[in-house]
1. With each run of n ≥ 4 DSSP H residues scored as -39500 (n - 2.57), what mean residue ellipticity at 222 nm is computed for chain B after dividing by its residue count and rounding to the nearest 500 deg cm²/dmol?
2. In Å² (nearest 100), what accessible area is buried between A and B, both sides summed, heavy protein atoms only, 1.4 Å probe?
3. Pull up the cross-link candidates among the lysines for A:LYS162, meaning alpha carbon to alpha carbon under 23 Å and not fewer than 8 places away within one chain.
4. Ignoring ligands, DNA and RNA, how do A:TRP356, B:TRP93 rank by accessible area with a 1.4 Å probe, largest first?
5. Quick check on chain B: of the DSSP beta bridges with both residues there, what percent are antiparallel, nearest 5%?
6. Using Cα atoms only, what is the angle between the long axis of helix B:166-181 and the major principal axis of chain B, expressed in degrees (0 to 90) to the nearest 10?
7. Taking the full set of protein chains and a 1.4 angstrom probe, give the accessible area of A:TYR219 in square angstrom, rounded to the nearest 10.
8. By the scheme Lys and Arg +1, Asp and Glu -1, what is the net charge of all other residues having a beta-carbon under 10 Å from that of A:VAL381?
Amino acid sequence: MNWRAVKAFIVRDVKTMFRDKAALFWVVAWPIIWILMTAYVFVPPGAGHVITLSVGVVNNDHSVAPFNGTYLVDLMNNTMINGKHLFNVEMINDSVRLKELLLKGRLDAGIIIPDGFGVNATYGTGRLIVLIRADNPSTKQIYEGIITGFLQGVSRRLSSVKINVSLAYISKYMPTANATMSLDRIKQYLIGIAFPINASVEEVVPESVGSRPAIIGWYTLGAIGMMFLYTGLLIGSAMIVREKELGTLKRLLASPSSGPELLIGKTLGGIIVLVVSALIALFVGIGVAGARIYWSPLNPVDWLVPVFMLAAAIMSIGMGLVLSLASRTSKGASSLSTALGLLFTFTAGIWFPKEWLPGWMRIFAENFPFTWAIDGIRDIVVYQYGLPDILPLFVKSVVAAIAIFVAGATIYRIQIRRYAEK
Amino acid sequence: MDYAVIAEDIVKTYNSVRALDDVSLRVPVGCVYGLLGPNGAGKSTLISIIVGVSKPDKGKVMVLGGSPLSPGIRARIGFQPQEHGLHPNLTGWENLFFYAGIYGVSPRDARDRIRELAEKLGITGYLDKPVRTYSGGLRQRLSIVAALIHDPELIVLDEPTTGLDPGIRKSVWGLIMDLRRSGKTVILATHYMEEADKLSDEVAIMDKGRIIVSGSPEELKSRYGPPAVIEVVLREQSMAEKLESYLAGNLGLQVNKTGAETLRIHCRDPDQLVPEITSTAYELGLSISVLRVLKPDLEDVFLKLTGRRLEG
Ligand SMILES: Nc1ncnc2c1ncn2[C@@H]1O[C@H](COP(=O)(O)OP(=O)(O)OP(=O)(O)O)[C@@H](O)[C@H]1O
Ligand SMILES: [Mg+2]
């Protein structure tokens, strides 16, 4: 192998790639736009924070009781989570108006408190009517969850009060001589009726994905993955046809470097372009969009990340080489890569999380080797996997990268031979 | 005798077109070998087989004692394809350094060699500019430099002077003569008979995928050319047409129109024919602007053998 020739290909391809405006768009502008748009549109700055619900309340309750409508509204006004109000309460005169505001989207939810609520809640069961804005299925669930959660909390407090009142009454007036149940036992029993199950809910979110910076980190890697796919496919599929169009292929095929040097040189040139663009995208993701990515040169596992990246680049270029069979012109190659890239955006689990995909599509995302490599990077820099956890994916990715590239190289050799015989 | 290229019974077909139809040739080491032929004759096809870019359907090629497909042989061949093969977004220097790398030439050697060649072809001042800003002639010359960057033994040039101004063409010719003087073998495809005539030690005249004759230009001219050629330029085109039909019809001479008012007449004995032409012109009322007797050239050889003109 003539390494001087390999270097010549690398230098030329990297130079011309960064001088070509269309290519620059894909390798630099596109991931940057993608990351910034995602950071501000998809994961708005409020994401991950406590939501404040706008709730309209129609209070028809005139009960004179320790607990009543007014008391409930006060509770709503004073409920804070992490220093933030959970509700922004707006008093509304009648239920017709309340519905009107919900339909207009001015309120997230509404509560109608009927007359007698206070008396009923204090001495029996108080009825409430809750209205939830349901134009968006996912926010509907969130709003509903918040309100029912709040009302359950209130119910529990009411139960506690009622238990204490009942116990006080029992200990004062019930004869204890023949009782088989102790007072303590009765107390426990009543508490059990009020709180049959005390589930302690604990949120289990990897520290790293719970926050906006981590989500942006996840998407920054997604953008890099997509850029690799779009550009790598193009680099591979246009590798020969582009030289043909430039008129350089004849010269190269007449040279002593027409064999492995051409393939290796151009592939390495492509990899360098991809890696440089990935670094630019990471820089923008971390520096501008505020992505949080864990990577430390002192952690040995983190050094698998560049290898995963290399595997991803080789896979995308290798798949492009296979596509070159169907690319007669560089324009054709570009359209084909863009079309496939677009398809993969939705199906590969690189940009849209796998969990969003319907079951049958997930089969593809889970078995698409390129996704393995990107997942591997995410597992390390987002989820902070250790070596034993990452090893299977690592081996799979490396083997797949080699296999795909060998397939691409075979197609490449067939194409070159076909050119000489044509 | 040592041969730089030996090709035997080469056949190459594109779809249904027989681009090369049983072509054989031997190029002696150290000579300039012209491939002369009109458009579509098969020159580029033959060259692409010699340099190993394409494989013949039939036949054998030996270049510098080996196969043109082997990297070792290729490293000793310099090839200037008809279509430049330069990257538009790179400068002249960058393009040349690229090809230097491809041929394994060190940057230092490449720099010296580029300076020398660029100087000879007068393109030194343009090497810093991107090739997309180059004129056709500049590209052509840069492309020739790229073919010579690794100091090859066999240099294959496919129409190196097509589209060049006469002055620049002369500098390319000078370079080819320098190469020959330093012992290199040059294969030169051209459709300019003057170029083939002036530079070649040996010429193969190609037409329709075949080599119709080969030999030294002098040999070809004396063997296939007429003893003499009379060129007549008349004042008007209609006059030229009248004279042509008279000479061809009544005297049975081979007459060719090489310009709107120009006739080229092959003859055996100009001393007898010149007075006849002048008197005929006088009788027919045609006025002659120029009349001269010339030696035959390769164009006449081609005409004689194919009945067609070389340069369209
Ligand atoms: N790639 C190709 N596909 C199909 N036909 C081809 C191809 N290359 C050449 N030909 C045909 O083969 C014949 C010889 O072409 P070639 O290019 O060798 O001629 P040439 O002498 O170099 O002509 P020119 O002076 O135009 O360069 C022509 O009829 C041409 O149309
Ligand atoms: Mg040609």
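1. Numbers: 11 runs with 121 residues, N = 312.
Value at 222 nm, helices only, nearest 500: -11500 deg cm²/dmol.
2. Values: alone 23110 and 14570 Å², together 35010 Å².
Buried: approximately 2700 Å² between B and A.
3. A:LYS172, A:LYS187
4. Sorted by accessible area, descending: A:TRP356, B:TRP93.
5. Values: 37 of 55 bridges.
Around 65 percent antiparallel, to the nearest 5.
6. 60 degrees
7. It works out to around 20 Å².
8. Working: positive: A:ARG292, A:ARG378; negative: A:ASP302, A:ASP379.
Taking every other residue near A:VAL381 into account, the sum is 0.
The values are calculated or read from the model by the stated rules, or taken from the named source; none is laboratory data. Since we're looking at a predicted model, the values are computed, not measured. Cβ: placed from backbone, ideal geometry, glycine included. Neighbour counts: every protein chain shown. Accessible surface is based on the protein model in full, side chains and every heavy atom, while ligands, DNA and RNA are left aside. Shrake-Rupley method; radii C 1.70, N 1.55, O 1.52, S 1.80 Å.
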